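So the structure is just underneath, and the comments pick up after that.
The values are calculated or read from the model by the stated rules, or taken from the named source; none is laboratory data. Note that the structure is a prediction, hence the values are computed from the model and not measured. Cβ placement follows ideal geometry from the backbone for every residue including glycine, while neighbour counts extend to all protein chains displayed. To get the accessible areas, we keep the full protein, side chains included, count just its heavy atoms, and leave off ligands, DNA and RNA. Shrake-Rupley method; radii C 1.70, N 1.55, O 1.52, S 1.80 Å.
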Amino acid sequence: MESVAAPRFSGVPGWLRGPLPILLSLPILALAQWATAQAPFLVYIASIVGVNVILAVSLNIVNGMTGQFSIGHAGFMAVGAYIAGKFSLETKDVYLPFMQSVAASDQLMFVFALLLGGAVAAVFGFLVGLPSLRLKGDYLAIVTLGFGEIIRVIVQNTEMFGRALGLSGIPQRSSIFMVMFWVFLTILAARRIASSAHGRSLLAIREDEIAAEAMGVNTTAYKVRAFVISAFFAGVAGGLFAHFVGIINPGSFTFVKSMEIVVMIVAGGLGSTTGSIVAAVFLTLLPEALRSIFTQLGGGDQTLAQRVDQIRMPIYGMLLVALMLLRPQGLFGTKEIWDVAPKWLSRRRKGMR
Amino acid sequence: MSGAAVAQETGGVKVLGTRAPREPHLEIQGLRVSYGAIQALRGIDLTVGRAEVVALIGANGAGKTSTLRAVSGMLKPAGGKILLDGRDVTGLKAHQLVPRGMAHAPEGRGIFLNLTVEENLDLGAYRRRDTAEIAKDLEYCFHLFPRIKERRKQMAGTLSGGEQQMLAISRALMSRPKLLLLDEPSLGLAPQVTETIFRTLKEVNERGMSILLVEQNAHLALQLAHYGYVLETGEVVMAGPGRELLESPEVRKAYLGE
């Protein structure tokens, strides 16, 4: 009950259990880095998918696990993107003499930029978390929506952040290694939270706040903590985004972006980390996949391809409607893929008999 | 009948009989609670002795639930004092009071409908780390309510009303409280189930737990309670040993329909 991970790594000494998954991930990521070196488009798509996965998994901590409906996640992402982006722009030419090479120094600065972006976003998470103590449901949603828009409007009118033009020329220090490493860290954090006493407190708040309080859960503290953790990872996602796109402007962080993330976690099943991941990957790739399918359908006939391209987004919308009609609880509900998949498989086996 | 004859008036409260002296576990002094401009409690005094069952009876809107919520720290009192084991705990939050040995089973049961019975009970022991003792208490709850044991793997939402109430009480017990606050345990239950629950409360009390019980079913509550208070529009109007309140003409007329 204390630790879900314990039996799985029973042969491993205690001090190694925490960092072990991270150490294991490094060579795999390095391999991915090496394998995709010649495929810039693949890296770009994978990076976008990665950023969306981080956003969805982190928003799921607040919306899914704690049951507080926040729809301003793009605001935290914007904070992280602008802070990290601005930091990298200002320190573009700084070379850390203790590092062996310029590239290594750049990467270290990049990590620092990401952490800085995440930290500042976390501070904003704290500020937005505060009203969540008094507000519930729709009212909280409106406050978070307002926050997201306020951030965007402030950035849009700040000289330092390039107003509506945004920041350009941010050094493109991102790599598939770094993006996926953070994806991994986010998922690890979300899973560790879910299986800890901390996660059970969040769950209790989601299920019944009054009962949770009566049980002795410090609801105030846990709600704010959920917001802070979630905002931190959103900020890091923003920082990563800034460093592989190279150009950011307020248009990237509108309400539409926030809604995109909300759609992902709702489609995946609120409260399900694996659901968020699957939905984020699927919904990010879907428009791209539809694009290439229709280009191929159109063949040489450019006008047909264009015409078909126009119904790409409506199809995306219709798929979402269909999903909500067929599975209103989302793909996995509040469960994880390994809770749900065996049931689906056995049902199929029964059907075949 | 003998004690009821010597009723005395003290500060608007009609006090019947005499109370067996006990060390006070919970003392409420001049407690006031308001919702905006509306005063729900206008300064009530109430004492729960150690290992005593105290019933708080009264009509809808008399302030029974507000009293419990203020005591358990889920509501901030507008005035007055709450002493637990002689220490001032006024204004402390629920999460600070649970470790001090107070458990509140809220009105309408407040159980986690989408969690299993076992998960609900686990959450009751939320503040505790003594795994072996938790297991013991779990067995004790199952002993008190065998029905709960049968349904341990079931979603709490699929339980009947009575089973849900049993679960709510069990869950409160899982924090191993010294003082149990119960809000309307008989609400919406069949008489037979209610009896089971009250029998259990008696058993739990006999093991030394103090209970502050809010109840509309005055008859049952006063039968169980060592001492009772009658609340009317935010004020205590009568107090006395359970038996004597039960036999007093005022209570019989107002709450027992005789």
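Residue-wise test of (1) in contact with an Asp or Glu (Cβ under 6 Å, 6 or more places away or on another chain); (2) more than 21 Å from A:LYS335 (Cβ to Cβ); (3) assigned to a helix (DSSP H, G or I).
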| residue | (1), (2), (3) |
| --- | --- |
| A:VAL236 | no, yes, yes |
| A:ALA242 | no, yes, yes |
| A:SER252 | no, yes, yes |
| A:VAL256 | no, yes, yes |
| A:VAL262 | no, no, yes |
| A:THR274 | yes, no, yes |
| A:ALA279 | no, no, yes |
| A:SER292 | no, yes, yes |
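Evaluating A:ASN218 against the criteria (1) within 25 Å of A:GLY275 (Cβ to Cβ); (2) surrounded by fewer than 24 Cβ atoms within 10 Å (Cβ to Cβ) leaves one unmet condition, (1). Number of residues in segment B:178-211 that are crowded, with 22+ Cβ neighbours inside 10 Å and touching a His at 6+ places or on another chain (Cβ under 9 Å) equals 6. A:ILE48 - would you say it is at pLDDT 90 or above, among the β-branched types (Val, Ile, Thr), within 17 Å of A:LEU188 (Cα to Cα) and surrounded by 14 or more Cβ atoms within 10 Å (Cβ to Cβ)? Spelling it out, it is not the case that A:ILE48 is at pLDDT 90 or above, among the β-branched types (Val, Ile, Thr), within 17 Å of A:LEU188 (Cα to Cα) and surrounded by 14 or more Cβ atoms within 10 Å (Cβ to Cβ). Would you check if A:PHE76 is among the aromatic types (Phe, Trp, Tyr), within 14 Å of A:SER175 (Cα to Cα), in contact (Cβ under 8 Å) with a residue 12 or more places away in the chain and open to solvent by less than 10 Å² (accessible area, probe 1.4 Å)? So A:PHE76 does not fit the description; no. All but one of (1) touching a Ser or Thr at 6+ places or on another chain (Cβ under 9 Å); (2) within 28 Å of B:TYR35 (Cβ to Cβ) hold for B:GLY240; which doesn't? Status for B:GLY240: all satisfied but (2). When B:GLY91 is tested against (1) more than 8 Å from chain A (Cβ to nearest Cβ); (2) of a type outside the set (Asp, Glu); (3) closer than 20 Å to A:ALA221 by Cα; (4) touching a Leu at 6+ places or on another chain (Cβ under 9 Å), just one condition goes unmet, and that condition is (4).
Out of (1) within 14 Å of chain A (Cβ to nearest Cβ); (2) modelled with pLDDT of 90 or more; (3) surrounded by fewer than 20 Cβ atoms within 10 Å (Cβ to Cβ), the odd one out for B:LEU75 is which? It is condition (2) that B:LEU75 fails.
When residues in segment A:224-260 are screened for being within 14 Å of another protein chain (Cβ to nearest Cβ) and charged (D, E, K, R), 1 of them pass.
Just for segment B:114-124: of the residues that are more than 7 Å from chain A (Cβ to nearest Cβ) and among the hydrophobic types (A, V, I, L, M, F, W, C), which one is farthest from the chain's Cα centre (by Cα)?
Taking the candidates together, the pick is B:VAL117.
Looking at B:ARG147, B:ARG127, can you tell me which residue is under 24 Å from the mean Cα position of the chain (by Cα), open to solvent by 40 Å² or more (accessible area, probe 1.4 Å) and more than 9 Å from chain A (Cβ to nearest Cβ)? Spell out the reasoning first.
Values: B:ARG127 fails: more than 9 Å from chain A (Cβ to nearest Cβ).
Only one candidate passes the filter, namely B:ARG147.
The condition of being open to solvent by 60 Å² or more (accessible area, probe 1.4 Å), assigned to a helix (DSSP H, G or I) and of a type outside the set (Gly, Ala, Ser) holds for only one of A:VAL111, A:VAL123, A:VAL128, that being A:VAL123. Segment A:175-223 holds helices (runs of 4 or more DSSP H) entirely within its bounds, and those carrying 1 or more residues that are away from chain B (no Cβ under 13 Å) and of a type in the set (Gly, Ala, Ser) map to A:176-194. Restricting the search to strands (runs of 3 or more DSSP E) fully inside segment B:29-95 and requiring at least 1 residues that are within 29 Å of B:ARG199 (Cα to Cα) and hydroxyl-bearing (Ser, Thr, Tyr) gives B:38-49.
Does segment A:155-164 include one or more residues that are more than 15 Å from A:GLN68 (Cα to Cα), within 14 Å of another protein chain (Cβ to nearest Cβ), in a helix (DSSP H, G or I) and modelled with pLDDT under 90? No, because not a single residue in segment A:155-164 is more than 15 Å from A:GLN68 (Cα to Cα), within 14 Å of another protein chain (Cβ to nearest Cβ), in a helix (DSSP H, G or I) and modelled with pLDDT under 90. Say whether the condition of being assigned to a helix (DSSP H, G or I), within 14 Å of chain A (Cβ to nearest Cβ), more than 18 Å from B:LEU180 (Cβ to Cβ) and at pLDDT below 90 is met by at least one residue in segment B:97-113. Taking every residue of segment B:97-113 in turn, none turns out to be assigned to a helix (DSSP H, G or I), within 14 Å of chain A (Cβ to nearest Cβ), more than 18 Å from B:LEU180 (Cβ to Cβ) and at pLDDT below 90.
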